[in-house]
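Chemist: Take this structure, written in structure tokens, and hold onto it; I'll ask about it next.
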Amino acid sequence: MSDPKALHHRALKAIDERREALYALSRAIHAKPEIAYQEREAAIRLTEFLEGAGFTVERSYREIETAYRGEARGRGPGPTVAILQEYDALPELGHACGHNLIAMMGVAASVGVRAVIDQLPGRVVAIGTPAEEGGGGKVALIRAGGFDDVDAAMMIHPTSGRSLAGRHSLASNRVMVEFRGKAAHAASQPDLGINALDGILQLFNNVNAMRQQLRPDARVHGIITAGGSAANVIPDYAAARFSIRALDRRYQQDVLRRFIACAEGAAVATGTQLQVTVNENAGYENMVFSTPIAERWAHHMRAQGVQVYEARDEERVGSTDMGNVMQVLPAIHPYIAISPEPIPGHSIAFREAVVGQEAHDNAIAAGKALALTAIDVLADPEILRKARSEFEERRARGVVKGRS
């Protein structure tokens, strides 16, 4: 194997040579936002870029239309390191979570490793994971065996304010709640109707009462998606979507059970018929990042002059299906600050920030660090040994599940 510093230099050079093309890739994805499982144009752009860098690409990976896997083999047997890309957008808001940058950083890192894989054992695989924003693309890939041969996985997410080597996230489920009643004229025959909307409203009231007895990390939030079509007609159908979250899966499932009881109580109180549908693909686990691998990323960021911080307990967090990956194998999901000023995620302001030059320059630095981290994992068996040991210790304590 070549000198590690020489490998690092070649990898960084390969990324720098494609810098403008990588920026153009990110901006093209940003310009045409595609929601969960509809990211067809983004998938085409990303796979063509990977093929141009020398990857062998499998499209519709594991029979998921907008998923893909690019592979490059090293000089002999060794571990498989997966670098993940996300590229779906939010409905109406577009890339207000910065998945255009996630895609670019993942491809940049993959290109860097590909440039030196002939001097390394094992394989690097670039896995395109659609539908993170509620559709659970990684969950579907895990169930289909898409990570069965992967030893370690990594990706980067944009944030603002402070760059972080890792942090926790909330376990979550998306839930659809539907109430059915009986339509009637609201003025002349109200006594003949059963108001489905009352079921929804009572559910919200029950949830608000339940919140007083929930842990501070629990989150229950929802929107009404159907509530009637005319004020003078008692609605016979009403529906709402909710997200149920908490810091760990066990407590989150307890909150989910209590939420369903709230819905059942609302149905009894209003005389309506209830249907609760829990989206299993959108059942996101909490993240538990690999410390040995995350430390390598932080080291390479600091070597570029970028300060990286440890997550604080009061860190504001959401949910991601990367948590599901972390439950079955060692993985990291660091955060790169695209601006020093805090910008709310899932906002128009964040959507505009992630297409700016500062965001792209910071993201390229993060992608370079990810490439070097992947090279370290492939080149130094001790890093992966430590990562596996930590993972197994966590599995013994019930912190992670491990492979089934």
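Nothing in this text is a laboratory measurement; each read-out follows from the coordinates by a stated rule. Just so you know, these numbers come straight off a predicted model, no measurement behind them. Cβ atoms come from the backbone with ideal geometry, glycine included; neighbour counts cover every protein chain shown.
Chemist: Given charges of +1 on the Cβ of Lys and Arg and -1 on the Cβ of Asp and Glu, with all other atoms neutral, how large is the dipole of the chain about its Cα centre, in debye to the nearest 20? It would help to have the intermediate numbers written out before the result.
Modeler: Working: 46 positive and 48 negative charges, 131 e Å.
The dipole of the chain has a size of about 620 debye.
Chemist: Follow-up question, since we're still on this one. In nm, what is the difference between 0.36 nm times the number of residues separating Glu20 and Arg302 and their Cα-Cα distance?
Modeler: Net length gain for the segment: 99.2 nm.
Chemist: Please enumerate, by chain and number, the lysines with C-alpha under 25 Å from the C-alpha of Lys368, excluding those fewer than 8 residues away in the same chain.
Modeler: Counting by Cα, and skipping residues close in sequence, Lys368 has these lysines nearby: Lys5, Lys13, Lys138, Lys386.
Chemist: Taking a spot 7 Å from the Cα of Gln273 along the direction of its beta carbon, which residues of segment 222-254 have an amide N less than 12 Å from it?
Modeler: Residues 237 fall inside that zone.
Chemist: Need one number: % antiparallel among DSSP beta bridges in the chain, to the nearest 5.
Modeler: Values: 39 of 55 bridges.
Restricted to the chain, the bridges split so that about 70 percent are antiparallel.
Chemist: Hey, with R₀ at 30 Å, roughly what FRET efficiency would Arg27 and Glu310 work out to, going by the Cβ-Cβ distance, to 0.05?
Modeler: 0.40
Chemist: Quick one: order Leu274, Leu370, Leu50 by neighbouring beta-carbon count within 10 Å, fewest to most. If you can, show how the numbers build up before the last one.
Modeler: Details: Leu274 19, Leu370 28, Leu50 25.
Going from sparsest to densest Cβ surroundings: Leu274, Leu50, Leu370.
Chemist: Pick out, from Gln252, Asn279, Gly199, the residue whose Cα sits farthest towards the positive end of the charge dipole of segment 174-283, with +1 on the Cβ of Lys and Arg and -1 on the Cβ of Asp and Glu.
Modeler: Gln252
Chemist: Along its three principal axes, how long is segment 174-283 when you only count alpha carbons? Whole Å, largest extent first please.
Modeler: Rounded to whole Å, the extents work out to 50, 28, 18 Å.
Chemist: Given the -39500 (n - 2.57) contribution per DSSP H run of 4+ residues, what per-residue ellipticity at 222 nm results for the chain, rounded to the nearest 500 deg cm²/dmol? Kindly include the intermediate steps, with their values, before the conclusion.
Modeler: On the way: 12 runs with 164 residues, N = 404.
Rounded to the nearest 500, it is -13000 deg cm²/dmol.
Chemist: Net charge within 14 Å of Glu63 by Cβ-Cβ distance, Lys/Arg positive one each and Asp/Glu negative one each, not counting Glu63 itself?
Modeler: Values: positive: Arg59, Arg62, Arg69, Arg143; negative: Glu58, Glu65.
The answer is +2.
Chemist: Mind ranking 323-331, 91-99 by how tightly packed they are, going by the mean number of other C-beta atoms within 10 angstrom, highest first?
Modeler: Values: 323-331: 25.3, 91-99: 20.6.
Ranking, from highest mean packing down: 323-331, 91-99.
Chemist: May I ask for the net charge around Pro381, where only other residues with Cβ less than 14 Å from the Cβ of Pro381 are counted and Lys, Arg are +1 while Asp, Glu are -1?
Modeler: Working: positive: Arg296, Arg385, Lys386, Arg388; negative: Asp151, Asp376, Asp380, Glu382.
Its environment carries a net charge of 0.
Chemist: Give, in whole angstrom and from largest to smallest, the semi-axes √(5λ) of the equivalent ellipsoid of segment 165-217, with λ running over the eigenvalues of the Cα gyration tensor. Can you show the working numbers first?
Modeler: On the way: eigenvalues 279, 36, 9 Å².
For segment 165-217, the semi-axes come out at 37, 13, 7 Å.
Chemist: Follow-up question, since we're still on this one. Given H placed 1.01 Å from N in the peptide plane, which residues other than close sequence neighbours of Thr225 have an amide H under 5 Å from its amide H?
Modeler: Hits under the 5 Å cutoff: Ala239, Ala240, Arg241.
Chemist: At a Förster distance of 51 Å, what's the computed FRET efficiency of Glu341 paired with His185, Cβ-Cβ distance as r, to 0.05?
Modeler: Efficiency at R0 = 51 Å is approximately 0.40.
Chemist: Another question, if that's okay. Go through 337-349, 126-138, 171-183 and give me the packing order, highest mean Cβ count within 10 Å leading.
Modeler: 126-138, 171-183, 337-349
Chemist: Go ahead and set up a Gaussian network model of the chain, Cα springs under 10 Å, then flag whichever of Ser110, Ser229, Ser163 fluctuates most.
Modeler: Ser229
Chemist: Mind checking which aspartates and glutamates have their C-alpha under 17 Å from Lys182, skipping anything on the same chain fewer than 8 residues away?
Modeler: Asp191, Asp198, Asp236
Chemist: Restricting things to alpha carbons, find the Rg to Rh ratio for the chain using the Kirkwood radius for Rh. Don't skip to the answer; put the middle values down first.
Modeler: Numbers: Rg = 23.1 Å, Rh = 22.2 Å.
Taking Rg over the Kirkwood Rh, I get 1.04.
Chemist: Could I ask something else about it? Using DSSP to call loops (not H, G, I, E or B), can you name the GluC sites (Glu not before Pro) in segment 225-292 whose Cβ has at most 11 other Cβ atoms within 10 angstrom?
Modeler: Values: sites: Glu264, Glu280, Glu285; in loops: Glu285.
Nothing satisfies the criteria.
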